[in-house]
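The values are calculated or read from the model by the stated rules, or taken from the named source; none is laboratory data. This one's a predicted model, so the numbers in the text were calculated from it and none came from an experiment. Positions of Cβ are backbone-derived with ideal geometry, glycine not excepted, and every protein chain shown enters the neighbour counts. Surface areas here come from the heavy atoms of the whole protein model, side chains and all, with no ligands, DNA or RNA. Shrake-Rupley method; radii C 1.70, N 1.55, O 1.52, S 1.80 Å.
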Amino acid sequence: MTIRVDSTLEGVDWARVKADLARDSFDNGRSAEALRRSFERSQHTALGRVENRVVGMARLLSDGVCNAYLLDVWTSAEHRRQGIASRLVRDLINRAPGQHIGLQTGDGIGFYRSLGFATQPVFMSLVVGRWLDNEANRA
């Protein structure tokens, strides 16, 4: 089985990806349409595919100058421990030279450290209104 990593979003079955995320307990509640928009509006994306099926993905938000944010790093349960997530993350960080790349994780600390990330002392956040209560999730 060959796993291809690319940055194109063409041919992605977003409903299937959402179902796969839910099956892996990685679904954060976005609709398939909102998931699509999240990736389309990101500066950089990386997808792992087996034939036409997405089995891993990640995206990077960036100002293109000094700051970027890594998120939605996922590999399907049946394809884990094959280096897919490492390939996806390395692909993205290589497209952001000279930038500080941040991320938030609760259970991937060892994985991200193995890629050179270091723990920072504070992360703060704010949700405006109710989480995911916006136009993208009403479609």
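Within the stretch 57-84, residues that are aromatic (Phe, Trp, Tyr) sit with their Cβ atoms under 6 Å from residues that are modelled with pLDDT of 95 or more and open to solvent by less than 50 Å² (accessible area, probe 1.4 Å), at 6+ positions apart or across chains, in these pairs: TRP74/MET57.
Of the residues making up the stretch 50-92, not one is aliphatic (A, V, I, L, M), out of contact with any strand residue (DSSP E or B) (no Cβ under 9 Å at 6 or more places or on another chain) and in a strand (DSSP E or B). Take GLN82 and tell me if it is within 12 Å of the chain's Cα centre (by Cα) and open to solvent by 50 Å² or more (accessible area, probe 1.4 Å). So GLN82 does not fit the description; no. Residues that are within 15 Å of the chain's Cα centre (by Cα) and either within 15 Å of VAL17 (Cβ to Cβ) or open to solvent by less than 30 Å² (accessible area, probe 1.4 Å) (or both) within the stretch 50-61 comprise VAL54, VAL55, GLY56, MET57, ALA58, ARG59, LEU60, listed in sequence order.
Mind checking which residues of the stretch 98-124 are open to solvent by 100 Å² or more (accessible area, probe 1.4 Å), under 18 Å from LEU60 (Cα atoms) and part of a loop (DSSP other than H, G, I, E, B)? The answer is GLN104, PHE123. Taken across the stretch 108-115, residues that are touching a residue at least 40 places away in the same chain (Cβ under 8 Å) and either in contact with a helix residue (DSSP H, G or I) (Cβ under 7 Å, 6 or more places away or on another chain) or within 15 Å of ALA68 (Cα to Cα) (or both) do not occur at all. Scanning for something among the acidic types (Asp, Glu) and surrounded by 14 or more Cβ atoms within 10 Å (Cβ to Cβ), does the stretch 31-49 turn up at least one residue? Yes, because at least one residue in the stretch 31-49 is among the acidic types (Asp, Glu) and surrounded by 14 or more Cβ atoms within 10 Å (Cβ to Cβ).
Collect the residues in the stretch 1-16 that are assigned to a loop (DSSP other than H, G, I, E, B) and either in contact with a strand residue (DSSP E or B) (Cβ under 9 Å, 6 or more places away or on another chain) or touching a residue at least 40 places away in the same chain (Cβ under 8 Å) (or both), keeping them in residue-number order. MET1, THR2, ILE3, SER7, THR8, LEU9, GLY11, VAL12, ASP13, listed by residue number. Which of the residues that make up the stretch 17-41 are more than 23 Å from ARG80 (Cβ to Cβ) and part of a helix (DSSP H, G or I)? GLU33, ALA34, ARG36, ARG37, GLU40, listed by residue number.
ARG95 meets each of the listed conditions (1) part of a loop (DSSP other than H, G, I, E, B); (2) open to solvent by less than 50 Å² (accessible area, probe 1.4 Å); (3) closer than 15 Å to SER7 by Cα apart from (2). Against the test of being modelled with pLDDT under 90, touching a Leu at 6+ places or on another chain (Cβ under 8 Å) and not hydrophobic (A, V, I, L, M, F, W, C), the options GLY56, GLY29, GLY48 yield a single qualifying residue, GLY29.
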